[in-house]
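To start, the structure under review is shown below, and the notes come after it.
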Amino acid sequence: MLGKKRPLGKELNEIQVGDTYSKTKKMDDRDLLLYLGLTGDANPLYLQHDYASLTAYEKPIVPSVMLFGMVSSLVSMSLPGPGSHITQHEMTFPAPVYHSTTVAFTLEVIAIDYQNKQVAMSVTGTNHENEIVVRGKLYVSPACKPNSLTAKSLENFF
């Protein structure tokens with residue numbers, strides 16, 4: 001990625017209430033192990049079948065913060081896209097997500113605050129049984145195109 005130019009995401013004036021983005025993601029064991037290894041999280045509920053079988057979940061689940069990470073990636077890479085930043089979030093995880101489950105995530109712009117230069121977005125995630133597993137609201141600062149260095153340096157000449 002270094003040295004490779006990527007277009008920035010949508011700026012505030014390019015976003016409209018009702019804009020949506022959807023993507024599915026399978027919760028692969030490989031991704032789960034990478035996440036757990038990176039964070040050092042060794043919660044037996046996420047890894048150990050024997051422990052999880054004794055809980056209300058009955059089998060290992062995907063950490064909720066990993067699900068939020070996937071939502072964050074959708075914001076950063078798709079809507080509004082590169083250059084955007086989540087400034088606040090309210091998330092609930094009403095049902096567990098089990099290993100190898102495919103989750104369908106949907107983001108929708110529900111309000112635009114021009115004064116504070118941010119958008120409010122709803123997020124939902126559903127499993128293969130159409131059960132909601134992620135629900136929330138995000139506040140996002142969209143990308144803003146920076147002035148070029150040369151344009152700034154030439155301001156004094158015009």
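The values are calculated or read from the model by the stated rules, or taken from the named source; none is laboratory data. A quick note: this is a predicted structure, and the numbers were derived from the prediction, not measured. Neighbour counts are summed over all protein chains in view; Cβ atoms, including those assigned to glycine, are modelled from backbone coordinates with ideal geometry. Protein only, heavy atoms only, side chains kept; ligands, DNA and RNA dropped before computing areas. Shrake-Rupley method; radii C 1.70, N 1.55, O 1.52, S 1.80 Å.
Leu45: crowded, with 19+ Cβ neighbours inside 10 Å, in contact (Cβ under 8 Å) with a residue 12 or more places away in the chain and closer than 24 Å to Gly136 by Cα, yes or no? Taking the combined requirement at face value, the residue does not satisfy it. Being acidic (Asp, Glu) and within 16 Å of the chain's Cα centre (by Cα) holds for only one residue in Asp50, Asp19, and it is Asp19. For Tyr21, the criteria (1) open to solvent by 80 Å² or more (accessible area, probe 1.4 Å); (2) touching a residue at least 24 places away in the same chain (Cβ under 8 Å); (3) closer than 23 Å to Arg135 by Cα; (4) not basic (Lys, Arg) hold in every case but one, which is (1). Of the residues making up the stretch 1-14, just one is open to solvent by less than 50 Å² (accessible area, probe 1.4 Å) and in contact with a Leu (Cβ under 8 Å, 6 or more places away or on another chain), namely Gly9.
Does Gly69 satisfy the condition of being assigned to a loop (DSSP other than H, G, I, E, B) and open to solvent by less than 60 Å² (accessible area, probe 1.4 Å)? Walk me through it before giving the result.
Working: assigned to a loop (DSSP other than H, G, I, E, B): no; open to solvent by less than 60 Å² (accessible area, probe 1.4 Å): yes.
Judged against the criteria, Gly69 is not a match.
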